[in-house]
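No value in this document is a laboratory result; all are computed from the given coordinates. A quick note: this is a predicted structure, and the numbers were derived from the prediction, not measured.
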Amino acid sequence: MGNMLAINPNIGYVLSMGSGIIYNKSAFKHGFTEADIEWAFLHPICNGLLEEYENKYLLIGFDTRGNPIEVMYNRIDEERVNVFHAMKCRKGLLPHDKHNLL
């Protein structure tokens, strides 16, 4: 089954983690914490601009327990991002064997 989201991995965004992350309340809707989201930014599997959007990025990384999560964010400027969504990573976005990611 193909990936439903088109990601341009050449336009990823990595923070220098001074924590330049601003959180919308909606980022915590699925029970993930600031620590989980920051950990995902530090341990990304992939990170890129969603091709059909001008400023909407998808990062797939690991939470503090080692589980894959997906994080959606917008760039505010060169130093900060606005995270508005975090949830358990959908199976269609991961390779079949998550051990191949390590």
Pull up the cross-link candidates among the lysines for Lys91, meaning alpha carbon to alpha carbon under 23 Å and not fewer than 8 places away within one chain.
Lys29, Lys56
List the aspartates and glutamates whose Cα sits under 15 Å from the Cα of Lys88, skipping any in the same chain fewer than 8 residues away.
Glu34, Asp36, Glu38, Asp63, Glu70
